[in-house]
Amino acid sequence: MHYASFVETYADLADAGFWRRANRERSIENWRTMLSTGVEAMLAEADGSIVGVAITAPAVPRGEVAPLRGLELTNLYVLARHQGSGIGQDLLDAVLPAGAAAQLWVARGNPRAVRFYERNGFTADGAEDDGSAFGGIAALRMVR
């Protein structure tokens with residue numbers, strides 16, 4: 001589910017070199033590593049299938065940019081066919097109670113996600129990532 005939604009989200013944003021490295025097997029290995037470190041994932045299910053995931057973790061530096069909050073929303077993905085159903089909001093509410101101080105990084109080329117986070121009290125703070133380590137996908141940090 002995560003890899004499928006990741007592809008849906010970033011297929012047109014990431015460069016070809018990124019997709020040569022990013023594949024389902026690597027995604028599975030990354031998840032094993034994340035879960036072995038104690039990170040908890042909140043999953044959403046619909047019609048007997050997992051259709052969304054959200055993760056928070058302690059915020060860490062991103063390149064030269066120091067964290068502004070102690071907690072970071074590191075993943076929030078919902079399969080495209082379930083977007084607009086409220087699942088994304090439910091996942092966000094489950095991992096970050098309304099008003100909880102947190103930060104996240106969002107792709108600049110994903111205005112729908114930016115609007116979603118703005119509706120949830122996040123604002124861009126001016127910190128940016130040029131995407132050089134993430135397939136050329138430039139990102140901006142949002143905080144609340």
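Read-outs throughout are calculated quantities, based only on the coordinates presented, and are distinct from any laboratory measurement. In this text, all values refer to a predicted model and were calculated from it rather than measured experimentally. Methodologically, a virtual Cβ is constructed for each residue, glycine included, from the backbone with ideal geometry; neighbour enumeration extends over all protein chains shown.
Okay, residues lined up against (1) among the hydrophobic types (A, V, I, L, M, F, W, C); (2) free of Cβ contacts under 8 Å to residues at least 12 places away in the same chain; (3) not in a strand (DSSP E or B):
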residue	(1), (2), (3)
52	no, no, no
56	no, no, no
94	yes, no, yes
104	yes, no, no
109	no, no, yes
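So, residue 86, is that one surrounded by 15 or more Cβ atoms within 10 Å (Cβ to Cβ), of a type outside the set (A, V, I, L, M, F, W, C) and over 17 Å from residue 125 (Cβ atoms) or not?
Taking the combined requirement at face value, the residue does not satisfy it.
Are there any pairs with C-beta distances below 6 angstrom linking a residue in region 65-78 that is more than 14 Å from residue 5 (Cβ to Cβ) and touching a residue at least 40 places away in the same chain (Cβ under 8 Å) to a residue that is among the small types (Gly, Ala, Ser) and part of a strand (DSSP E or B), with the two at least 6 apart or on different chains, and if so which?
Hits for this filter: 65/127.
Anything in region 111-144 that is touching a strand residue (DSSP E or B) at 6+ places or on another chain (Cβ under 8 Å), small (Gly, Ala, Ser) and either buried (at least 16 other Cβ atoms within 10 Å of the Cβ) or in contact (Cβ under 8 Å) with a residue 40 or more places away in the chain (or both)? List them, or say none.
Answer for region 111-144, where residues must be touching a strand residue (DSSP E or B) at 6+ places or on another chain (Cβ under 8 Å), small (Gly, Ala, Ser) and either buried (at least 16 other Cβ atoms within 10 Å of the Cβ) or in contact (Cβ under 8 Å) with a residue 40 or more places away in the chain (or both): 113, 127, 131, 139.
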